[in-house]
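> The structure is given below, and queries will be raised subsequently.
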Amino acid sequence: MSDTVRIKQIIDEAYDTKTFVFDWDAEVRPGQFIMIWIPGTDEIPMSVSGISDTTKSITVKAIGDATKRLHEYKVGDRLTIRGPYGNGFDLKSRNILIIGGGVGTAAIMPAVVETGADTIIAARSDRDLIMLDTARKHAANLWIATDDGSAGFHGNAVQLMNEKLKEKSYDYVISCGPEVMLYFMFKACQDADQDCQLSLERYMKCGAGVCGCCVMDDKRICKDGPVFTRDQIAQLTEFGVSRRDACGRVVKFR
Amino acid sequence: MVSLKTDVGSISLENPGMIASGIMDETGKSLVRVLRSGAGAAVTKSIGLEPKPGHDNPCFMEVRGGYVNAMGLPNPGIELFREEMEEAVKEGKIIGSIYGAGPEDFSKLAARMEDYGACAVELNLSCPHAKGYGMEVGTDPAMVKAIVSAVKSSVSIPVWAKLTPNTHILTQIGLAVQEAGGDAVVAINTLKAMVISPEFARPIMSNKFCGLSGEAVKPVGVRAIYDLATVLDIPLVGVGGISNWRDAAEYIMAGASAFQVGSAVGTEGLCVFKNINEGLSAFMEEYGYGSIRSMVGAAHE
Ligand SMILES: Cc1cc2nc3c(=O)[nH]c(=O)nc-3n(C[C@H](O)[C@H](O)[C@H](O)COP(=O)(O)OP(=O)(O)OC[C@H]3O[C@@H](n4cnc5c(N)ncnc54)[C@H](O)[C@@H]3O)c2cc1C
Ligand SMILES: Cc1cc2nc3c(=O)[nH]c(=O)nc-3n(C[C@H](O)[C@H](O)[C@H](O)COP(=O)(O)O)c2cc1C
Ligand code: FES
């Protein structure tokens with residue numbers, strides 16, 4: 001079923017990223033996503049980046065036709081969405097380290113708000129950092145990393161994570177970001193015997209676990225994920241190695 | 001002890017349920033996962049001669065009683081599908097679903113599926129939203145006859161024809177399959193449909209038209225199998241809206257020797273096969289059906 005919702009507020013997060021807040025009273029868990037239809041262009045998956053009883057938000061980086069069109073939307077415009085889909089994060093423990101990389105920060109923000117846990121936000125440079133205000137308000141500790149050192153720790157998310165894991169032990173690391181980042185984070189967690197839950201991404205059509213186009217090995221990212229545990233990821237031979245295009249053809253990353 | 005073993009012509013199945021074409025069956029590893037979940041066989045996504053991305057999004061949504069989809073037959077093409085088949089056929093029985101524009105396409109594709117180790121081919125004569133394919137070739141009895149004959153003479157594995165309910169001459173088409181030597185008829189594919197957004201005053205699917213599946217189509221599918229069973233001698237495979245043992249039993253009693261499950265994998269999960277198997281066994285035990293065969297067509301008496 002789809003719902004048509006009205007945009008209530010638009011927040012500029014960065015030069016290429018905006019948050020759209022809309023009225024929607026559906027029940028959503030941190031880490032879940034929705035499919036958004038932008039008439040005339042496409043229907044695309046977006047993580048829910050903010051969750052309150054009556055409103056939800058998405059945080060969108062303008063990279064192609066659909067997301068650029070979405071950036072032209074104004075307060076009062078209507079969006080047609082379906083969902084929520086996916087399993088979301090397991091937040092039973094509050095002793096966790098949450099890490100957002102780039103626009104992947106959108107997916108982890110509801111977990112930061114719900115748990116108030118220690119948080120790392122990483123981006124290429126200070127102009128790519130998003131959602132800092134929300135994170136500052138809720139996270140017990142907020143650490144920032146930029147690849148070029150223009151803000152916070154000079155280095156990537158995985159390097160800063162390794163530093164923090166030396167100082168304190170956590171039950172879990174929770175993260176979403178580009179697949180290369182998650183790949184090296186997964187390796188680092190394995191080396192440190194650190195449990196983790198990572199939110200993965202693949203090309204999606206149905207979003208509901210039916211069409212099978214988003215599979216990584218035998219797992220559907222949309223339904224069995226997008227959040228997977230360390231043990232589950234250890235079984236995925238395609239993680240960090242290859243994805244599939246819209247035809248279902250294998251495309252190697254490297 | 002009751003047995004869930006069944007035969008579709010010369011193909012024998014340990015369990016009567018299969019995954020329907022287009023559901024979690026585009027890759028080798030997901031076909032393996034389906035087989036391990038209690039399905040007696042798995043039908044592949046419909047594969048064509050060339051890679052195809054399918055229709056643009058939106059191409060899927062939930063509606064009351066089921067789903068609509070206009071995937072537009074996305075698939076990597078028969079050449080690349082070899083790898084997926086290699087992985088899948090090691091694990092169990094795979095039925096290769098194929099689509100084409102005419103007899104020549106279908107024959108080529110069927111021969112490749114046979115090479116890859118498929119135990120049967122299923123001809124998609126029924127997709128309601130792919131221009132020049134599917135239902136557009138599958139509603140003309142002469143064309144259906146030509147396609148089935150051509151495929152029959154190019155492979156030695158059984159040839160199944162999957163039919164559309166979007167016609168008033170379903171039994172004529174079924175007879176065309178039988179006369180051409182087809183080994184089984186599979187019914188039904190999705191019902192041609194459309195959804196419109198009142199807010200945006202336009203059809204939601206990028207392709208405008210789509211196909212309805214799930215719970216809502218079950219009575220149509222059961223009727224189709226019942227109708228086909230009254231005129232055909234070849235085995236039937238029922239599909240459309242099956243999500244529990246009762247649905248499966250309805251199709252079997254209408255005349256199906258086996259069945260396929262599609263949409264319910266989304267609503268129930270892959271445990272749907274195990275649940276149906278357990279439910280059917282318990283029902284058969286209680287009502288004195290020793291085998292699937294003894295239930296096939298029971299509703300016709
Ligand atoms: C579960 C999930 C959650 C996501 N959450 C966010 C988010 O919170 N914020 C955000 O900015 N982006 C998010 N994305 C990525 C976002 O969906 C894509 O960036 C967007 O679809 C691009 O669309 P486009 O038309 O602008 O670009 P295009 O030029 O069409 O595509 C650019 C790239 O986007 C990706 N993409 C396009 N269509 C799809 C699709 N149907 N499914 C998956 N990937 C696609 C592909 O990698 C493609 O190469 C998420 C993706 C997934 C799978
Ligand atoms: C997402 C989706 C994709 C499908 N793709 C195909 C296909 O490639 N070939 C085909 O013959 N049928 C296809 N079908 C139709 C199903 O195999 C089945 O006939 C139909 O969905 C009715 O069964 P159900 O109600 O159990 O889903 C597809 C159905 C869905 C929902
Ligand atoms: S997008 Fe269809 S199964 Fe995941």
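The values are calculated or read from the model by the stated rules, or taken from the named source; none is laboratory data. As the structure is a prediction and not an experimental result, all values here were calculated from the model. When we count neighbours, we look across all protein chains shown, and the Cβ atoms used for this are built from the backbone with ideal geometry, even at glycine. The accessibility values were calculated without ligands, DNA or RNA, using every heavy atom of the protein model including side chains. Shrake-Rupley method; radii C 1.70, N 1.55, O 1.52, S 1.80 Å.
> Go through B:A249, B:S263, B:N207 and say which Cα lies farthest out towards the positive end of the charge dipole of segment B:168-291; charges sit on Cβ, +1 for Lys and Arg, -1 for Asp and Glu.
The listed residue farthest towards the positive side: B:N207.
> Determine which aspartates and glutamates satisfy two conditions relative to B:K108: a Cα distance under 14 Å, and not lying fewer than 8 residues away in the same chain.
B:E50, B:E79, B:E122
> Still on this structure: Label segment A:1-136 by shape, choosing from rounded, prolate and oblate, from the square roots a ≥ b ≥ c of the eigenvalues of the Cα gyration tensor; if a/c is under 1.5 it is rounded, and otherwise prolate applies when a/b is larger than b/c, oblate when it is not.
Oblate, since a/c reaches 1.5 and b/c is not below a/b.
> Could you tell me the convex hull volume per residue, in Å³, taken over the Cα atoms of segment A:211-251?
Here the figure is 66 Å³ per residue.
> Where in segment B:251-295 are there GluC sites (Glu not before Pro) that are in a DSSP coil and have at most 15 other Cβ atoms within 10 angstrom of their Cβ?
Those that pass, being in a loop and sparsely packed, are B:E268.
> Just the number, please: percent antiparallel of the DSSP beta bridges in chain B, rounded to the nearest 5.
Approximately 40 percent, going by the DSSP bridge assignments.
> Further question on the same structure: Which residues does the label zone of A:E27 cover in segment A:207-232, counting backbone N under 17 Å from a point 7 Å along Cα→Cβ?
none
> Compute the relative contact order of segment B:85-179 as a whole-number percentage, counting only Cα pairs closer than 8 Å that sit 6 or more residues apart in sequence.
Contact order relative to length: 29 percent.
> Taking the Cα centroid of segment B:229-270 and of segment A:159-202, what is the distance between the two, rounded to the nearest whole Å?
If you average the Cα positions of each part, the centres end up 45 Å apart.
> Is there a quick way to get the dipole size of segment B:189-266? I mean about its Cα centre, with the Cβ of Lys and Arg at +1 and of Asp and Glu at -1; what is the value in debye to the nearest 20?
Using Cβ point charges on Lys, Arg, Asp and Glu, segment B:189-266 gives about 260 debye.
> Additional query: As a test of the formula, what do you get for chain A when each DSSP H run with n ≥ 4 contributes -39,500 (n - 2.57) and the sum is divided by the residue count, at 222 nm and rounded to the nearest 500 deg cm²/dmol?
-6000 deg cm²/dmol
> Under 10 Å, Cα contacts only: if you run a Gaussian network model on chain A, which one of A:K137, A:K74, A:K92 comes out with the highest mean-square fluctuation?
A:K92
> Moving to a separate point now. Please report, to one decimal in angstroms, the Kirkwood hydrodynamic radius of the protein assembly as shown built from all distinct Cα-Cα pairs.
By the Kirkwood definition, the hydrodynamic radius is 24.7 Å.
> Test of understanding: in a Gaussian network model of chain B with alpha carbons linked when under 10 Å, which of B:P158, B:P16, B:P53 would top the mean-square fluctuation ranking?
B:P53
> Report the dimensions of chain B along its three principal axes from the alpha-carbon atoms, largest first, rounded to Å.
On the principal axes, chain B reaches 52, 49, 38 Å in Cα extent.
> Could you work out the pair-distance distribution P(r) of segment A:127-254 from its alpha-carbon pairs, with 10 angstrom bin width and percents rounded to whole numbers?
That works out to 11, 37, 32, 18, 1, in percent per bin.
> Just tell me which lysines come within less than 17 Å, Cα to Cα, of B:K192; anything on the same chain fewer than 8 places away is out.
Straight-line reach from B:K192, under 17 Å: B:K131, B:K162, B:K208, B:K218.
> So, in nm, how far is label A:Q235 from label A:A62 when the simple model puts each one 7 Å beyond its Cα toward the Cβ?
Distance between label points: 4.2 nm.
> Would you work out the charge dipole size for segment A:1-96 about its Cα centre, treating the Cβ of every Lys and Arg as +1 and the Cβ of every Asp and Glu as -1, and quote it to the nearest 20 debye?
140
> Let me ask something else about it. Starting from the eigenvalues of the Cα gyration tensor, five times each then square-rooted, give me the equivalent ellipsoid semi-axes of segment B:1-137, largest first, whole Å.
After diagonalising the Cα gyration tensor, the semi-axes are 24, 19, 14 Å.
> Hey, another quick one. Calculate log10 I(q)/I(0) of segment A:152-210 for q = 0.29 Å⁻¹, where I(q) comes from the Debye formula with a single equal point scatterer on each Cα and nothing for solvent.
-1.32
> How many Lys pairs in segment A:100-254 lie less than 30 angstrom apart by Cα atoms, where the lysines are 8 or more positions apart or on different chains?
For segment A:100-254, the number of qualifying lysine pairs is 15.
> Looking only at segment A:1-35, which residues have a backbone nitrogen under 18 Å from a spot 7 Å from the Cα of A:E114 in the C-beta direction?
Label zone hits: A:24-35.
> In debye, nearest 20: dipole of the protein assembly as shown around its Cα centre with unit charges on the Cβ of K, R (+) and D, E (-)?
Here the protein assembly as shown has a charge dipole of around 600 debye.
> Please compute the volume of the convex hull spanned by the alpha-carbon atoms of chain A and report it per residue in Å³.
Given the Cα convex hull of chain A, per-residue volume reads 123 Å³.
> Right, another one. Out of B:G134, B:G290, B:G92, any idea which swings most in a Gaussian network model of chain B, alpha carbons joined below 10 Å?
B:G290
> Let me test this: with uniform point scatterers at the alpha carbons of segment B:126-180, what is the Debye-based log₁₀ I(q)/I(0) at q = 0.17, 0.23 1/Å?
Debye intensities relative to I(0), on a log10 scale: -0.49, -0.85.
> Let me ask another. Counting only the heavy atoms of the protein chains, how much of B:M253 is accessible to a 1.4 Å probe, in Å² to the nearest 10?
40
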